[in-house]
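> Quick one: the structure is below, questions incoming.
The values are calculated or read from the model by the stated rules, or taken from the named source; none is laboratory data. This one's a predicted model, so the numbers in the text were calculated from it and none came from an experiment. Positions of Cβ are generated from backbone atoms using ideal geometry, with glycine treated the same way; all protein chains shown enter the neighbour counts. These area figures cover heavy atoms from the full protein model, side chains too; ligands, DNA and RNA do not enter into them. Shrake-Rupley method; radii C 1.70, N 1.55, O 1.52, S 1.80 Å.
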Number of protein chains: 2
Amino acid sequence: MIVNVTRGGLVESTHEVAACVTDARGRVVHATGDVDRPVYLRSAAKPFIAAAIVASGAAARFAFDDRELAVIAASHNGEPYHVAAVRGILAKIGADPSDLRCGAHAPAYEPAAAALAARNEAPSALHNNCSGKHAGILAMCAHLGFDRATYLAPEHPAERLILELCARLAGLPAAALPLGVDGCGIPVYATSLRRAAQSFARFATLDEISDGDARALERVRAAMQAEPRYVAGTGRFDTALMEATRGRIVCKAGAEGVHGDALPRERLGLVLKVADGARRAAPPAALALLGSIAALEPGEALALGEHASPAVFNVAGLAVGRVAVAP
Amino acid sequence: MIVNVTRGGLVESTHEVAACVTDARGRVVHATGDVDRPVYLRSAAKPFIAAAIVASGAAARFAFDDRELAVIAASHNGEPYHVAAVRGILAKIGADPSDLRCGAHAPAYEPAAAALAARNEAPSALHNNCSGKHAGILAMCAHLGFDRATYLAPEHPAERLILELCARLAGLPAAALPLGVDGCGIPVYATSLRRAAQSFARFATLDEISDGDARALERVRAAMQAEPRYVAGTGRFDTALMEATRGRIVCKAGAEGVHGDALPRERLGLVLKVADGARRAAPPAALALLGSIAALEPGEALALGEHASPAVFNVAGLAVGRVAVAP
């Protein structure tokens with residue numbers, strides 16, 4: 001699949017997208033591009049990480065609510081309500097923002113970044129889009145008595161528990177998953193788009209997994225469905241897609257152009273990767289693919305139109321081009 | 001040509017690059033990818049825009065110095081010395097920052113943006129990376145008595161003079177050049193990479209053009225060679241390449257992954273376009289291409305190593321991957 005960026009009457013830039021749709025057993029329903037090459041899921045794996053935290057018993061022990069679980073599974077905007085949810089998790093587990101090892105970056109949501117700057121306040125680790133996940137891993141450490149200073153290391157027992165759940169979802173041994181380091185410092189694993197789609201199909205159906213994993217994934221899914229704003233935030237595609245479908249699609253973006261959808265109604269999972277890593281191509285591609293498997297109702301597709309073919313604006317705010325799937 | 005972005009042991013994302021090297025008559029010396037498809041030059045055309053401003057007589061009338069001419073040809077970082085140079089142009093021509101129609105954005109150079117924010121000062125049009133070019137067009141308006149409120153319009157006489165010089169460099173009639181709107185509001189033209197490379201070869205050699213165009217291009221080239229910091233700024237590839245080669249290569253980046261080089265010693269021009277528009281792939285591709293035509297001395301290539309295969313850093317500042325031309 002090709003996503004074009006036009007300017008004036010010409011295609012200025014093009015993005016290639018590979019994607020796979022499977023059921024929970026890995027049967028391929030739809031595929032485009034190379035679906036067997038390993039792809040780092042990046043933050044698209046956060047719902048699975050959140051499920052490992054639930055499966056550890058930490059979520060029950062600290063009575064995490066939907067917002068807290070959703071922000072653990074989030075790549076959030078750093079809006080005040082996101083920061084408050086992460087602070088709430090840290091307070092419940094007796095940890096401090098300084099325990100977060102994700103590093104600081106300005107809120108992804110521009111008005112939140114501007115508000116911080118206007119107060120002469122430096123962005124902190126709380127504003128990092130991954131701070132919820134890091135707080136959740138700290139909760140696991142607190143609950144299971146793991147060291148909380150070293151949780152970024154691949155050999156840390158919390159990271160092992162997370163990787164093992166991810167491996168079970170992919171249907172592969174954990175040792176078969178290549179590891180890298182994510183933008184926020186934690187290990188990231190790679191698997192094929194085929195296995196990634198199967199993981200999302202298992203997240204969608206709770207089939208082909210243990211009862212314990214199923215219960216944990218179901219809890220995370222319900223939290224994301226109930227609180228989609230906490231998974232991303234204002235203006236973000238993931239939030240818009242879950243809101244427009246009233247949670248019938250549960251989705252998660254990852255860096256470098258990854259996007260995953262759990263489709264409980266269709267009993268399928270969909271994962272795509274923009275080959276060059278451009279985030280701008282993922283929403284148009286996702287909506288076209290969801291449309292092609294009839295996972296979107298007409299009214300929903302209409303409501304998401306601005307994500308299907310977003311305008312390219314110049315600095316003065318004039319629309320000078322468009323991003324859209326090639327005809 | 002392929003530029004890979006690796007993370008851990010895997011290729012995470014890939015960029016395709018098309019490029020062309022020609023002489024001033026358009027003879028192709030090297031080509032990779034589709035070099036006949038139209039490409040918007042974007043800011044890579046700024047040296048030609050600056051030359052049109054010189055050719056109009058405005059640069060002589062207002063006694064622009066090298067720094068002022070270099071910043072007119074720049075996509076600058078918005079560092080204090082860039083802003084001062086643009087202010088100087090405006091003062092000389094009796095114009096005001098409010099006459100700039102480029103829109104405001106925060107300085108591209110992060111410490112300059114942070115310094116502004118710390119002073120609770122909003123970014124202005126002066127900080128826009130294109131403000132020098134806009135000030136230069138205003139100088140043309142002041143010198144030739146053109147309306148200065150409407151200079152963004154393609155039919156404005158200043159834009160016509162600019163487009164006609166660009167068309168002469170490409171060896172095509174102006175009417176043959178498709179137009180779009182740039183990020184800063186001015187018209188942008190498209191031409192093939194072959195014609196774009198020819199334009200840079202003419203900029204390099206001053207061959208195949210009129211004496212008037214040659215004198216104007218020579219003046220701009222000398223200014224860029226003398227003041228490469230004013231063309232881009234701290235940490236930027238264009239500045240580094242011109243500094244490392246002591247001006248023997250005169251280069252200019254454009255948005256959406258465009259990069260152009262004038263090579264006076266080799267009597268050639270080189271232009272590349274990253275197909276997906278990713279800026280990160282342009283410097284590694286440019287250095288590989290310049291190396292392949294022996295346009296870089298070994299010591300220069302060494303000095304530019306961090307641009308040839310830049311590390312990918314995570315938020316905490318750890319190198320977790322690399323951008324480099326595929327082996």
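> Of all residues in region A:20-55, how many are outside any helix (DSSP H, G or I) and buried (at least 24 other Cβ atoms within 10 Å of the Cβ)? If you could, list the steps in order and put the result at the bottom.
Restricting attention to region A:20-55, the residues satisfying the condition of being outside any helix (DSSP H, G or I) are A:20-41.
Pick out the ones that are also buried (at least 24 other Cβ atoms within 10 Å of the Cβ) and you get A:20-22, A:39-41.
The qualifying residues number 6.
> When the residues of region B:131-148 are narrowed to those that are in a helix (DSSP H, G or I) and of a type outside the set (Gly, Ala, Ser), which ends up nearest to the other protein chains (Cβ to nearest Cβ)?
Checking each candidate, the answer is B:134.
> While we're looking at this one, here's another question. Among the residues of region A:150-201, what is the count of those that are within 14 Å of chain B (Cβ to nearest Cβ), farther than 21 Å from residue A:260 by Cα, in contact (Cβ under 8 Å) with a residue 40 or more places away in the chain and of a type in the set (A, V, I, L, M)?
Of the residues in region A:150-201, 1 are within 14 Å of chain B (Cβ to nearest Cβ), farther than 21 Å from residue A:260 by Cα, in contact (Cβ under 8 Å) with a residue 40 or more places away in the chain and of a type in the set (A, V, I, L, M).
> Can I ask one more? Considering (1) more than 14 Å from chain A (Cβ to nearest Cβ); (2) in contact with a Lys or Arg (Cβ under 7 Å, 6 or more places away or on another chain), say which one residue B:291 fails and leave the rest.
(2)
> Take the residues in region A:207-218 that are acidic (Asp, Glu) and part of a helix (DSSP H, G or I); name whichever of them is surrounded by the most Cβ atoms within 10 Å (Cβ to Cβ).
Among residues in region A:207-218 that are acidic (Asp, Glu) and part of a helix (DSSP H, G or I), the one surrounded by the most Cβ atoms within 10 Å (Cβ to Cβ) is A:213.
> Test residue A:204 against the criterion of being surrounded by 21 or more Cβ atoms within 10 Å (Cβ to Cβ), in a helix (DSSP H, G or I) and at pLDDT 95 or above, and give yes or no.
It is true that residue A:204 is surrounded by 21 or more Cβ atoms within 10 Å (Cβ to Cβ), in a helix (DSSP H, G or I) and at pLDDT 95 or above.
> I'm checking my understanding of the structure. Among residues of region A:238-264 that are part of a helix (DSSP H, G or I) and open to solvent by less than 10 Å² (accessible area, probe 1.4 Å), which one is farthest from the other protein chains (Cβ to nearest Cβ)?
Across region A:238-264, the extreme among qualifying residues is A:242.
> Name the one entry in A:82, A:76 that is in contact with a His (Cβ under 6 Å, 6 or more places away or on another chain), more than 23 Å from residue B:7 (Cβ to Cβ) and crowded, with 20+ Cβ neighbours inside 10 Å.
Going through A:82, A:76 in turn, the sole match is A:82.
> Restricting the first residue to region A:119-130 and requiring it to be at the interface with another protein chain (Cβ under 10 Å from one of its Cβ atoms) and touching a residue at least 24 places away in the same chain (Cβ under 8 Å), which pairs with a second residue that is charged (D, E, K, R) and open to solvent by 50 Å² or more (accessible area, probe 1.4 Å) meet a Cβ separation below 8 Å and a spacing of at least six or different chains?
A:125/A:101
> Now a separate question. Which residues, taken from region A:89-118, are within 14 Å of another protein chain (Cβ to nearest Cβ), closer than 19 Å to residue A:70 by Cβ and open to solvent by 40 Å² or more (accessible area, probe 1.4 Å)?
Residue satisfying the conditions is A:108 alone.
> Do we have any residue at all in region B:180-194 that's more than 14 Å from the chain's Cα centre (by Cα) and assigned to a loop (DSSP other than H, G, I, E, B)?
Within region B:180-194 (the criterion being more than 14 Å from the chain's Cα centre (by Cα) and assigned to a loop (DSSP other than H, G, I, E, B)), the answer is yes, since at least one residue qualifies.
> List, please: which pairs have Cβ atoms under 6 Å, are six or more places apart or on different chains, and start with a residue in region B:94-117 that is under 19 Å from residue B:79 (Cβ atoms) and end with one that is charged (D, E, K, R) and in a loop (DSSP other than H, G, I, E, B)?
Pairs found: B:109/B:79; B:112/B:79.
> Examine region B:219-236 for a residue that is open to solvent by less than 30 Å² (accessible area, probe 1.4 Å) and under 28 Å from residue A:257 (Cα atoms), and state whether such a residue exists.
no
> Is one or more of the residues making up region B:12-27 facing chain A (nearest Cβ under 9 Å), over 18 Å from the mean Cα position of the chain (by Cα) and free of Cβ contacts under 8 Å to residues at least 60 places away in the same chain? Explain how you work it out, then say what you get.
So in region B:12-27, the residues facing chain A (nearest Cβ under 9 Å) come out as B:12-16.
Now narrow it down to the ones that are over 18 Å from the mean Cα position of the chain (by Cα): B:12-16.
Subsequent filtering for residues that are free of Cβ contacts under 8 Å to residues at least 60 places away in the same chain retains B:13.
Yes: region B:12-27 contains one or more residues that are facing chain A (nearest Cβ under 9 Å), over 18 Å from the mean Cα position of the chain (by Cα) and free of Cβ contacts under 8 Å to residues at least 60 places away in the same chain.
> While we're here: Would you check which residues across region A:265-282 are away from chain B (no Cβ under 14 Å) and surrounded by fewer than 19 Cβ atoms within 10 Å (Cβ to Cβ) and list them?
A:265, A:267
> State whether the residues of region A:226-234 include one that is out of contact with any Ser or Thr (no Cβ under 9 Å at 6 or more places or on another chain), among the aliphatic types (A, V, I, L, M) and more than 14 Å from chain B (Cβ to nearest Cβ).
There is at least one residue in region A:226-234 that is out of contact with any Ser or Thr (no Cβ under 9 Å at 6 or more places or on another chain), among the aliphatic types (A, V, I, L, M) and more than 14 Å from chain B (Cβ to nearest Cβ).
> If residue A:74 meets every condition in (1) within 21 Å of residue A:216 (Cβ to Cβ); (2) over 21 Å from the mean Cα position of the chain (by Cα) apart from one, which number is that one?
(2)
> Look at region A:283-327 and say how many of its residues are among the hydrophobic types (A, V, I, L, M, F, W, C), in a helix (DSSP H, G or I), open to solvent by less than 30 Å² (accessible area, probe 1.4 Å) and without any contact (Cβ under 8 Å) to a residue 60 or more places away in the chain.
Selection size over region A:283-327: 3.
> Pick from region A:1-11 the residues that are in a loop (DSSP other than H, G, I, E, B) and facing chain B (nearest Cβ under 9 Å): which of them is least open to solvent (accessible area, probe 1.4 Å)?
The extreme case among them is A:8.
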